[in-house]
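Report on the following structure.
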Amino acid sequence: MLYYLATSMNLGWNQFYIAVSKSSDPELQILITLLVFIILYLLNNKLEAICCVFNIGITGFTNLILKNTVQRSRPMGIRLVEADGYSFPSGHSSISTAIGIVLIYFILKRMKNKKIAYLLSGFIFAYLILVGISRVYVGVHYPTDVLGGWFIAILWSFISLAAYRFCMNKGLNEYLDKHFTIKLNIFKH
């Protein structure tokens, strides 16, 4: 009876962490990146769109280089999801965090209602933590893989956002708005 209770409780956690882990799969990360880029671009936030894509791209490239340099094998044992390739650093953790950090930055910068901005940012931050925990829970990463992924994302996000602020101060956003604006006339007859 006790075994059945423990197993059924664990099954709920298994399904939860599998869902969180799958929600950060590369296909969804690419889709989210494209959507963020398109939305920011169409809202005439071209420099922000470039910053987001650069940050995510350079984080992913660094992740790839490190995986192929370190070549750490994935943990042995029971895996709740399939994973190929090397273990260090966690790509799910690093790319999700790279997306999340720039989203949090621009949400806090752009949203007028700060209570909603902080609430939304808190949800994003909690999700990023859950992605990292989920990758260890489902058995495809060591905790140090997740920490390495987070570190890479934080480092590149800091650099990307510093470059964004530098470009804003130099007026690059006005140049981009002037020369690379797409006029959408979807509401005109």
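The values are calculated or read from the model by the stated rules, or taken from the named source; none is laboratory data. Since this is a predicted model, take the numbers as computed values, not measurements. All Cβ positions, glycine included, derive from the backbone under ideal geometry; neighbour counts span all protein chains shown. For accessibility, only protein heavy atoms count, side chains too; no ligands or nucleic acids. Shrake-Rupley method; radii C 1.70, N 1.55, O 1.52, S 1.80 Å.
Three principal axis extents, largest first, for the C-alpha atoms of the chain, in Å?
Answer, in whole Å and largest first: 67, 39, 32 Å.
For Asp25, Asp145, give me the order by solvent-accessible area with a 1.4 Å probe, most accessible first, ignoring ligands, DNA and RNA.
Asp25, Asp145
Lysine pairs in the stretch 1-114 with alpha-carbon atoms under 25 Å apart, 8 or more places apart or on different chains: how many are there?
Within the stretch 1-114, the lysine pair count is 4.
Report relative contact order for the chain in percent, whole number only (criteria: Cα-Cα under 8 Å, sequence separation at least 6).
29
Run the numbers for Phe123 and Tyr175: contour at 0.36 nm per residue of separation, minus the present Cα-Cα distance, in nm.
My answer for the length gained is 15.3 nm.
Which whole-number value in Å² is the accessible area per residue of the stretch 44-189, probe 1.4 Å?
Spelled out: the 1.4 Å probe surface of the stretch 44-189, per residue, equals 59 Å².
Taking the Cα-to-Cβ direction at Ala163 and at Ile39 and moving 7 Å from each Cα, how far apart do the two end points lie in nm?
2.3
Whenever you get a sec, compute what percent of the accessible area on the stretch 32-189 sits on carbon and sulfur atoms (1.4 Å probe).
72
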